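Accompanying notes for the structure given below.
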């Protein structure tokens, strides 16, 4: 009986210890809670930061990285090691440059895709003086250049899943990290990928502080828009060839329109990408729609020169066409990490009853 009693005590203490350990692990995970992003996870322990990249289609872990400061630190089986803070990064997407700039980490960039799509002046200077090299896009990467500059990591967008020559690059110490910020359907989810860049550059706390402030600013603007007396009706997109592409009702852009309290014509449609419609359908359903947003041109004259039939839209005749096209490089680089500025622009332009009295960051009326 005494042995049985002692055994029961041991089991009880073991259960208590396990519960405490589980609680500690849960507490650690709470410190790195991901609020809006769906395609990455961060878990922190005493000496390791675990980064999981999730497959956007299957919602399963696609890539596993162990971020460590010491080479001798033992990492879990199946993880790829990345030493932090990373020394250099080849950033193949504009949004990555924007997020690094917010963290004041542009100096770590040693490679980009194409200088013609860069807005950041520090990165432009780096290209001019040879400190930053153009290596092409991930589909046609210049492998020799990449090997020569040997970044700590290459961050790519995962359009074709595996990065070209990934195994070869890993063998010489270059890790390839996929970034699915472009797959996020929530503007705040896209911006939350700054935490991935923060973790890699040892700026996690700074990235969390920035993001928390951003969430507060975005939600304040969203709440302000919902209080507006009107919900302006908008249509979106433009024609390419014979097809008019407009955001589907479950897309990132449709969510932004919803947050701005806009009544988007195709808000009830299914899909997270774009709808492919005929010009005739768009015209028949939007002749009287008062506002046109995101036609992808900086001035209305360009649109009318390409297609004079655009004059049939009331939005054109009433000079109510809005777009972020004043500086496209600036928009693509910074809008993902500054969705509150995008929202602020839209509210000011389409909700005149809301008095924000802020400057316009990205958008303008292209008829003026």
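The values are calculated or read from the model by the stated rules, or taken from the named source; none is laboratory data. Fair warning: this is a prediction, and the values are worked out from it, not measured in the lab. Neighbour counts are summed over all protein chains in view; Cβ atoms, including those assigned to glycine, are modelled from backbone coordinates with ideal geometry.
Consider the range 307-319 and keep the residues that are outside any helix (DSSP H, G or I), free of Cβ contacts under 8 Å to residues at least 60 places away in the same chain and in contact with a helix residue (DSSP H, G or I) (Cβ under 9 Å, 6 or more places away or on another chain). The one that is farthest from residue 243 (Cα to Cα) is 319. I want to confirm something. Restricting to the range 240-288 and keeping residues that are buried (at least 21 other Cβ atoms within 10 Å of the Cβ) and farther than 20 Å from residue 218 by Cβ, which single residue is nearest to the chain's Cα centre (by Cα)? This residue is 246.
So, in the range 175-205, how many residues would count as being touching a helix residue (DSSP H, G or I) at 6+ places or on another chain (Cβ under 7 Å) and more than 19 Å from residue 47 (Cα to Cα)?
Going through the range 175-205, the residues touching a helix residue (DSSP H, G or I) at 6+ places or on another chain (Cβ under 7 Å) turn out to be 176, 179, 181, 184-188, 190-195, 197-198, 201, 204.
Then keep just the ones that are more than 19 Å from residue 47 (Cα to Cα); that gives 176, 179, 181, 184-188, 190-194.
Total meeting the criteria: 13.
Taken together, the criteria exclude residue 283 from residues that are over 27 Å from residue 100 (Cα atoms), assigned to a loop (DSSP other than H, G, I, E, B) and touching a helix residue (DSSP H, G or I) at 6+ places or on another chain (Cβ under 8 Å).
Among the residues that make up the range 250-262, is at least one of them in contact (Cβ under 8 Å) with a residue 12 or more places away in the chain and assigned to a strand (DSSP E or B)? Quick ask: steps written out before the conclusion?
Applying the first criterion (in contact (Cβ under 8 Å) with a residue 12 or more places away in the chain) to the range 250-262 yields 250-257, 259-262.
Filter once more, so that each one left must be assigned to a strand (DSSP E or B): none.
Taking every residue of the range 250-262 in turn, none turns out to be in contact (Cβ under 8 Å) with a residue 12 or more places away in the chain and assigned to a strand (DSSP E or B).
None of 107, 96, 124 is assigned to a helix (DSSP H, G or I), closer than 25 Å to residue 339 by Cβ and over 17 Å from the mean Cα position of the chain (by Cα) except 124. Scanning the range 320-361 for residues that are assigned to a loop (DSSP other than H, G, I, E, B) and touching a strand residue (DSSP E or B) at 6+ places or on another chain (Cβ under 9 Å) returns 320, 324.
Counting the residues of the range 213-226 that are touching a residue at least 40 places away in the same chain (Cβ under 8 Å), more than 17 Å from residue 35 (Cβ to Cβ) and either surrounded by fewer than 19 Cβ atoms within 10 Å (Cβ to Cβ) or over 27 Å from the mean Cα position of the chain (by Cα) (or both) gives 1.
Checked against (1) farther than 24 Å from residue 58 by Cα; (2) assigned to a loop (DSSP other than H, G, I, E, B), residue 163 passes all but a single condition, namely (1).
Condition test on residue 154, is it surrounded by 16 or more Cβ atoms within 10 Å (Cβ to Cβ) and more than 30 Å from residue 290 (Cα to Cα)?
On the way: surrounded by 16 or more Cβ atoms within 10 Å (Cβ to Cβ): yes; more than 30 Å from residue 290 (Cα to Cα): yes.
Considered against the rule, which asks whether it is surrounded by 16 or more Cβ atoms within 10 Å (Cβ to Cβ) and more than 30 Å from residue 290 (Cα to Cα), residue 154 comes out as yes.
Please report, ordered by residue number, the strands (runs of 3 or more DSSP E) entirely within the range 25-79 with at least 2 residues that are out of contact with any helix residue (DSSP H, G or I) (no Cβ under 9 Å at 6 or more places or on another chain) and at pLDDT 95 or above. Talk me through it step by step, then tell me what you get.
Values: elements: 40-44, 48-54, 61-68.
Of the strands (runs of 3 or more DSSP E) lying wholly inside the range 25-79, those with at least 2 residues that are out of contact with any helix residue (DSSP H, G or I) (no Cβ under 9 Å at 6 or more places or on another chain) and at pLDDT 95 or above span 48-54, 61-68.
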